[in-house]
Amino acid sequence: MKSINPKHAAEGERERQSGVISLPAMNLAASGRRWVLAPCDHAAALAIEDACGCSPLVARILSARGVKAGEAASYLDPKLRDFLPDPDVLTDMSRAAARLADAVIDGTSVGVFGDYDVDGTSASAILKGYFDAIGAPLSVYLPDRMLEGYGPTLEAFLNLKEKGADIIVTVDCGAAAHEPITGAARHGLEVVVFDHHQMDGPPPEGAYAVVNPNRGDDTSGLTDLSAAGVAFMGVVALNRNLRARGYFENRTEPDLRSFLDLTALGLVCDVMPMTGLARVLTAQGLKVLDAGGNAGLRALGKRAGSKGRASVYDLGFLIGPRINAAGRIGHAQLAFDLLTTQDADRRNALAERLHLMNAERQDIERDVQAEAIAQVEGNSLHQNAVIAVAGDGWHPGVIGIVAGR
């Protein structure tokens, strides 16, 4: 049992006697709305407090979330060794890892097609970082949101083929790309999909492997993973496969923990549930970032005003929006370059550019939002069950954000 803060112990003893767990004055939120506290088992909360030495408030919150006394310590400080499963629990992962290992050993070039959002860019950077670390060739293609839209195209696949790729990995997309993947197969390309989006039907027939915790026949239970999480699991599987084949006998084996901050970035910015494996990957990723981590993330965080220990807030509200700004009103390649460049001067220049680009995105968003609200109010549309507005010149990169507001 951990040592218990004397103050917490005294509070706990009073609560044992009264049978009521006290809470600080927090009835009203900053918005003026009243907090409604989730019910909890008081006895269970006291057991949690005893087990891990936390405050009564934290104990009550954990109890309300269904955390048991024996799980509390690992919930508050999750360790990767306790939660990381065998990556092969994901359907098709062993097949994908074996094929990529063949490519590495044979010197076959691999291409990556990534989505232009934070999760897709992070996942692409994880794969690029790993392949660079093991000295294997890998090229990356990130589409233009305005010109190409979401998801892979045959043209993009052929672009990667022209750069020498014989195997393509799609990240944060591809699970529904039936026609492009079939077309790629006709051109002699093998496609491995690393995705996490819901799949309504069977995987693309032409794909060599489709790794997606949300495919219908996947039983891994890892549905809390984003594409960055799936890519990290893919790197774990590939690294293990290469180790088993003796690839690292005369080479330095990469420290896979170095990719956890990028993994956490994708998980947080794709708003994945902070449960299970996603929670531990995020917690450990923040520790990696605190210890130094990805130099691009550090540079962008510093420019955005991040101070002190790295937090989910830093990833979700400071770093993430600036990376997303590239894909929304520019090109995601800028963000990818920030996360992968080894040039400090270029890194700082890219961080500044993304910071300014995000400010521009905010201005565009405010203008579109003001026009949208004016249309709603001017036409009394707020009374409608469904509200649809449109405007000339509205930037496609911010329409989704405005609609969400």
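Here are the numbers for the structure shown:
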| quantity | calculated |
| --- | --- |
| Within segment 96-177, trypsin sites (Lys or Arg not before Pro) in DSSP loop having at most 13 other beta-carbon neighbours inside 10 Å | Lys163 |
| Segment 265-280 - phi-based ³J(HN,Hα) in whole Hz, Karplus 6.51/-1.76/1.60, Gly and Pro as x | 4, x, 4, 5, 6, 8, 6, 7, x, 7, 10, x, 5, 4, 5, 5 |
| Residues Met233, Met146, sorted so that the one with the fewest Cβ neighbours within 10 Å comes first | Met146, Met233 |
| Label corresponding to Rg/Rh (Cα atoms, Kirkwood Rh) when calculated from the structure given, among (i) 1.02; (ii) 0.98; (iii) 1.09 | (i) |
| Spin-label pair Lys79/Asp200, simplified geometry with 7 Å Cα→Cβ offset, distance in nm | 4.5 nm |
| Residues Tyr150, Tyr75, sorted so that the one with the fewest Cβ neighbours within 10 Å comes first | Tyr150, Tyr75 |
| Residue order, fewest to most beta carbons within 10 Å, for Ile167, Ile401 | Ile401, Ile167 |
| Spatial extent of segment 27-72: Rg and Dmax, with the Cα atoms as the point set, Å | 11.9, 37 |
| Sites Asn379 and Val271 - FRET efficiency at Förster radius 25 Å, r taken between beta-carbons, to 0.05 | 0.20 |
| Relative packing of peptides 312-319, 260-267 - highest average C-beta neighbours within 10 Å first | 260-267, 312-319 |
| Placed amide H near Val193: partners under 5 Å, 5+ positions off or other chain | Thr170, Ala209, Val210, Val211 |
| Cα-based shape type of segment 87-273, given that a ≥ b ≥ c are square roots of the gyration tensor eigenvalues and the cut on a/c is 1.5 | rounded |
| Vicinal HN-Hα couplings computed from phi for segment 144-151 (Karplus, 6.51 cos²θ - 1.76 cosθ + 1.60; Hz; Gly/Pro x) | 8, 4, 6, 8, 10, x, 7, x |
| 5 angstrom amide H check on Gly111, placed H, neighbours 5+ away | Ser139, Asp166, Ile167, Ile168, Val169 |
| Cα Rg, Dmax, segment 248-405, angstrom units | 19.0, 71 |
| Relative contact order (%) - criterion: Cα under 8 Å, at least six apart; region: the chain | 13 percent |
| Backbone HN-Hα couplings from phi across segment 220-229 [Karplus 6.51/-1.76/1.60, Hz, Gly and Pro as x] | 5, x, 8, 6, 8, 8, 8, 5, 5, x |
| Percent of beta bridges antiparallel (DSSP, the chain, rounded to nearest 5) | 5 percent |
| About the Cα centre, charge dipole magnitude for segment 47-154 (Lys/Arg +1, Asp/Glu -1 at Cβ), debye | 220 debye |
| Computed FRET value (nearest 0.05) for Arg346 with Arg245, which takes r as the C-beta separation and R₀ as 41 Å | 0.70 |
| FRET efficiency, 1/(1 + (r/R0)^6) with R0 51 Å, evaluated for Asn214 and Asp106 via beta carbons | 0.95 |
| Added length on full extension, which subtracts the Cα-Cα distance from 0.36 nm per residue, Gln362 to Ala43 | 110.1 nm |
| Span from the segment 371-405 Cα centroid across to the segment 72-148 one, whole angstrom | 38 Å |
| With Cα atoms, 0 to 90° folded angle of helix 320-329 axis to the chain main axis | 40 degrees |
| Linear extension gain, Arg186 paired with Ala390, 0.36 nm per residue minus alpha-carbon span | 69.4 nm |
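Coordinate-derived values only; no laboratory data. All values reported here derive from a predicted model rather than from experimental measurement. Please note: Cβ atoms are built from the backbone with ideal geometry, for glycine as well, and neighbour counts cover all protein chains shown.
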